[in-house]
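Here is the structure we will look at, set down as structure tokens.
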Amino acid sequence: MFGSRAHAIVTLTVVIEVGIAGWVLGHGMLWLLGATLAVTAADTLWGMTRRRVLADLVGLEVALLLAMLLHADADPMFSALVAAACVAWLVRPERQPAGTD
């Protein structure tokens, strides 16, 4: 996901904690999807600018689709599926730096 396995674990923990805080406040799914959106957008923008990986444009497009779904208050199941696509984009093996196992 990010530079190392430790960064990925910290990021996943933060997303889960934001989701838990959202559930406590009564808007859990929205907060969880929002955190997923923020992580996906940040990582793909970082990939496009710093790592110069143009393929991250697709990840940014998926993040923008999720943002539009959240803004339009779309079907929660469809929003969750798009969020799963965001997570799948972040953890695909081709994005991992070589030798960070």
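A few notes on this one:
- Scanning segment 30-57 for residues that are in contact with a Ser or Thr (Cβ under 8 Å, 6 or more places away or on another chain) and among the aliphatic types (A, V, I, L, M) returns LEU33, VAL39, LEU57.
- In segment 40-55, the residues that are more than 21 Å from VAL10 (Cα to Cα) form Cβ pairs under 6 Å with partners that are in a helix (DSSP H, G or I), at six or more places apart or across chains, as follows: MET48/ASP56; VAL53/GLY47.
- For segment 18-34, taking the residues that are under 19 Å from ALA84 (Cβ atoms) and of a type in the set (A, V, I, L, M), the one that is surrounded by the most Cβ atoms within 10 Å (Cβ to Cβ) is identified as LEU33.
- Within segment 54-96, the set of residues being farther than 17 Å from LEU32 by Cβ and either touching a strand residue (DSSP E or B) at 6+ places or on another chain (Cβ under 7 Å) or among the small types (Gly, Ala, Ser) (or both) comprises ALA55, GLY59, ALA72.
- Scanning segment 39-56 for residues that are modelled with pLDDT of 85 or more and exposed (fewer than 14 other Cβ atoms within 10 Å of the Cβ) yields ALA42, THR49.
- Restricting attention to segment 57-101 and to residues that are closer than 19 Å to THR11 by Cβ and part of a loop (DSSP other than H, G, I, E, B), the residue that is modelled with the highest pLDDT turns out to be ARG92.
The values are calculated or read from the model by the stated rules, or taken from the named source; none is laboratory data. Note that the coordinates shown come from a computational prediction; the quantities given were computed from them, not determined experimentally. Counting neighbours? That spans all protein chains shown, and the Cβs are built from the backbone with ideal geometry, glycine included.
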